[in-house]
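Let me give you the structure first, and then I'll get to my questions.
The values are calculated or read from the model by the stated rules, or taken from the named source; none is laboratory data. Quick caveat, the model's predicted, so the values are computed rather than measured. Reconstructed Cβ throughout: ideal geometry from the backbone, glycine too, with neighbour counts over all protein chains shown.
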Amino acid sequence: MGSSLRIALSTALAIGTVAPARAGPSATFMDWTVVCSDGLACSASVFREGAEGGLRSLAIRRAAGGDAAAAVTLGADGRAAPTGPVVFTPDDGAAVSFSAEDFGVDAQGNLTARPGEVGARLQAALRRGTQVRIAYETAEGPREGTLSTRGFVAALRFMDEAQYRAGTVSALEAKGPDPARAAALLPKDIATAADLPEVVRRLWADGAADCAAFDGYEPDAIGFSAPLGTDRLFGLLCGSPGAYNSISRFYRLSQDGSAEPVALPGMSEKGPVALDWVMNADWDDRSRTLTAFARGRGLGDCGTFDRWHLETGELGFVLVESRAKDECDGDVGDGPESWERLWPR
């Protein structure tokens, strides 16, 4: 990597306060988009353009784990709770009505349904037709809007696959007879340091990098963990992020209760290197693949891109590819996976 890019990456860490979102599997199906975290908490959403004065969005959210219930969220102007029934009317089927008591308003002002029956009845209604009209009254006036249902079923099927639910009794669409997967076999998001095993927390928080110091920034999650046979991998944010780059470090918790930092193999222009941290890491639990895209600047037209595969046994992470683009020339092209390859040669 050239000196100009090293300076750009260092500057990215020193300025800005907004971190890039950590994300796992994601896909778009017609008008619905699914986004999952590294810990496989997933949201399937549809948005409505020009929704001033009414409803803007509808989302089905579900955390990982077989006992997690699907939650329904409506994005609307204002923070007013419904004063009467909330009615969903598909363009190809009968209306489905819920009482005002079935919904509340969260801290962001979204209308949130109680998990359970609301989600199940609404899911059945959204399968019909190509759009649904939603309407309810509030103390501030009516809220209404029409949202697309095109792609809804495919989006839920993708969520089932991403969360290892397909073919199990816990699936939303792709139901089957198998029991839900045990939580110990699933990745999960780590919200705060209190959710870490103490031995991992000490390595992360008390190390020389001072990873637990976020300088006033409050991340939605500090990282994720994923099963490694009888061990567990932890990928944790380290320090306050910049505008478009955040640092992660990795740790392995063994079955015997001990823990150690994980170094990742890397490749520079001069040869192999060992990396004790990476930028903008994403974990794909199904393929056991970790990627890192260090942006030279926000546009993403320069930087480095690395991909590792986590092998079974003691071999650990294997570097699959390493790419770099030194010149920040405004040409995003086909993205970092098309840049000049440092490895394999």
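Scan region 262-312 for residues that are over 20 Å from the mean Cα position of the chain (by Cα) and among the charged types (D, E, K, R) and jot them down.
Those that are over 20 Å from the mean Cα position of the chain (by Cα) and among the charged types (D, E, K, R): 269, 270, 276, 297, 301, 311.
Okay, residues lined up against (1) at pLDDT 90 or above; (2) surrounded by fewer than 19 Cβ atoms within 10 Å (Cβ to Cβ); (3) in contact with a helix residue (DSSP H, G or I) (Cβ under 6 Å, 6 or more places away or on another chain):
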position	(1), (2), (3)
122	no, no, no
130	yes, yes, no
156	yes, no, no
163	yes, no, no
172	yes, no, yes
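Can you name the residue in region 64-85 that is closer than 30 Å to residue 168 by Cβ and among the β-branched types (Val, Ile, Thr) and, of all such residues, is surrounded by the most Cβ atoms within 10 Å (Cβ to Cβ)?
72
Any residue that is in the same structural domain as residue 296 (by TED's automatic domain parsing), closer than 30 Å to residue 123 by Cα and assigned to a strand (DSSP E or B) - is there at least one of those in region 218-225?
Among the residues of region 218-225, at least one is in the same structural domain as residue 296 (by TED's automatic domain parsing), closer than 30 Å to residue 123 by Cα and assigned to a strand (DSSP E or B), which makes the answer yes.
With the condition being more than 19 Å from residue 135 (Cβ to Cβ), in contact (Cβ under 8 Å) with a residue 12 or more places away in the chain and within 22 Å of the chain's Cα centre (by Cα), I'd like the strands (runs of 3 or more DSSP E) fully within region 25-106 carrying at least 2 qualifying residues.
26-29, 32-36, 42-47, 55-62
To keep it simple, each residue is scored yes or no on (1) of a type in the set (Gly, Ala, Ser); (2) without any contact (Cβ under 8 Å) to a residue 40 or more places away in the chain; (3) closer than 18 Å to residue 305 by Cα; (4) not assigned by TED's automatic domain parsing to the domain that holds residue 214.
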position: 245; (1), (2), (3), (4): no, no, yes, no
position: 253; (1), (2), (3), (4): no, no, no, no
position: 258; (1), (2), (3), (4): yes, no, no, no
position: 262; (1), (2), (3), (4): no, no, no, no
position: 265; (1), (2), (3), (4): no, no, yes, no
position: 276; (1), (2), (3), (4): no, yes, yes, no
position: 282; (1), (2), (3), (4): no, no, yes, no
